[in-house]
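I have placed the structure first, in the form of structure tokens, so that the comments after it can refer back to it.
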Amino acid sequence: EQCLSVVRCIYWWELFLTSERSCKNSLRRFRTGLAEFFHRLNFWHKTLKVIGGEFGTSVLSYFIFLKWLLNFNIFSFLINFGFITVPQFVAAEPNNLSFTGLELLTGAGYFQQTVLYYGFYTNATISKTKIGASYNMQLAYIFTVGMYFVICLLILFFSIAKSICRNFINLQVYSGNASKLLCTWDFNITNEKAVKLKQRNLSTQIKEDLAEENKEALHFSVTERIVRILIHLGSWAASLGTAVAACAGVYFLSVNNLELFMKGHKNDLESQAAMLVLPIITSLLNAFIPFFYSWLGNMEKFQNPKSKIYVNIARTLILKISIIGILCYYWLTVVAASESQCWETLIGQDIYRFVLVDFIFCLLGSFFGEFLRRIIGTTVCVSLGVPEFDIGRSVLDLIYAQTLTWIGILFSPLLPGIQMVSFAIVFYVKKVSLTQNCQPPRKAWRAAQMTTFFMFLLFFPSLAGVLSVIAVTVWRLKPSNECGPFRGLPSIYAAVSEWVEILKNYIDSKWVVWIYYNLITSVLFFFILSFVIL
């Protein structure tokens, strides 16, 4: 009996060990499958590796930034669609306007009575049954937009801090070309294509590091220095003067365009065409003036290609942000004070046209600026050669488009969905244009820190300026009386004040009232917060 009991114990012990090994194997397979699933969700991973291996980190930084902005817009679209648009479908009234197809270009007509614009949303509390739970559209609208910008701010801070830590503080990442050559190879790679891609990537990184270390400082005479300084000053004067002239032209054109729109046109086609004049002229200025800035940069003959790109970015940024600032002034002062029945929808339609026309010009820029330039440089004028990818202009186009989208979220909640599609198309178009029409940079240089610079530009002046525009709209401007969720209120922010007054009657909501009076309405709190952020 003792032997039998021992055999039984051994049997059960072996069975336990077998089941334990089976569970560990199952858990290991589950983790491997989950890792493969999330790796597949990381779309364009292989494409980015190919770009980095063939064109270097400078061009790669643009595509990483583009992918990062695409994720931003996917997140924004899901939040707005889930908390604002879906509840509106419950209370939506049928659209009696006819669809002609021109709405896809102008954003007016049929789209005016859809969830695309602010004016279509109700100001009533939505409830399917009299006894069931209700949904306050006013609070949902303002809190969804507000929380989205808070999350964007936190994500930008975290991303900038992480990028600074990786590219500026942890300098050991770039130290030692020998260690990079001998210790960074992944021996798990067995696929021939993956091996060649890894070799190209590693070769490009070592070339960039060597070019960074072997830079030679050029020595100039006093006369040459004076000439270079005068050329720099003249270039900056010309770029700033061009930006001022462009902003003045956009403002006067926008005011005249609004007057024509308010008078109305007898011919509907003429009215639709008049709506597109302002965004087309603005996009033409944004497209051609940066080429003038690039020509100025070539005249200045910078020693370091990084300096040339940064200067070009600074000049183009001043141009684009100044134009957006003039447009915001026009929207918040002229359009908001106009006789329009729903000035919020009018602004939303304007921003829709700007985003759409800017996307079209981005595609045309890849065709005319890169494809035709390659044809001319290889057949007509061989001395020009194959063009290089213009990183500065391309990055500023992305920041300009994202800034317009952030401004338009309050007036067109589904605008991030449109920008999400446009960014995905731009990625593929730019990738094809890069591989077919452009050559790698003639001078290898390390540009890992450029992504940090791009994120900082997205924060300031882009997001900081957008938050200022949203704050003025929410706190200072009176909403339209005949449309939108805040109709009849003295300001959008008044909806929150009225809600807090109601919460005073409920004991369980005292903490919300305390937060409102001690934090939200406290000048000291915002002063400390601004000091911490800045």
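Observations, loosely collected:
- Flag for T452 being in contact (Cβ under 8 Å) with a residue 40 or more places away in the chain, surrounded by 14 or more Cβ atoms within 10 Å (Cβ to Cβ), among the hydroxyl-bearing types (S, T, Y) and in contact with a Leu (Cβ under 7 Å, 6 or more places away or on another chain): no
- The listed residues are A464, A495, and the only one of them that is assigned to a helix (DSSP H, G or I), surrounded by 16 or more Cβ atoms within 10 Å (Cβ to Cβ), of a type outside the set (S, T, Y) and at pLDDT 80 or above turns out to be A495.
- Residue check, G325 among the small types (G, A, S) and open to solvent by 20 Å² or more (accessible area, probe 1.4 Å): yes
- Selection of segment 371-388 for residues being within 17 Å of W295 (Cβ to Cβ) and touching a residue at least 60 places away in the same chain (Cβ under 8 Å) yields only R373.
- Filter result (loosely packed, with under 13 Cβ neighbours inside 10 Å and under 17 Å from T345 (Cβ atoms)) within segment 71-98: E93, N96
- Counting only helices (runs of 4 or more DSSP H) wholly contained in segment 333-438, the ones carrying 1 or more residues that are at pLDDT 85 or above and closer than 21 Å to S462 by Cα occupy 343-366, 391-408, 415-437.
- Contact map, segment 319-330: first residue within 12 Å of V469 (Cα to Cα) and aromatic (F, W, Y), second residue surrounded by 19 or more Cβ atoms within 10 Å (Cβ to Cβ) and modelled with pLDDT under 95, Cβ cut-off under 7 Å, separation 6 or more or different chains; pairs are Y330/S254.
The values are calculated or read from the model by the stated rules, or taken from the named source; none is laboratory data. This is a predicted model, so every value here is computed, not measured. For neighbour counting, all protein chains shown are included, and Cβ atoms are generated from backbone atoms with ideal geometry for every residue, glycine included. The area values use the complete protein model at the heavy-atom level, side chains included, leaving out ligands, DNA and RNA. Shrake-Rupley method; radii C 1.70, N 1.55, O 1.52, S 1.80 Å.
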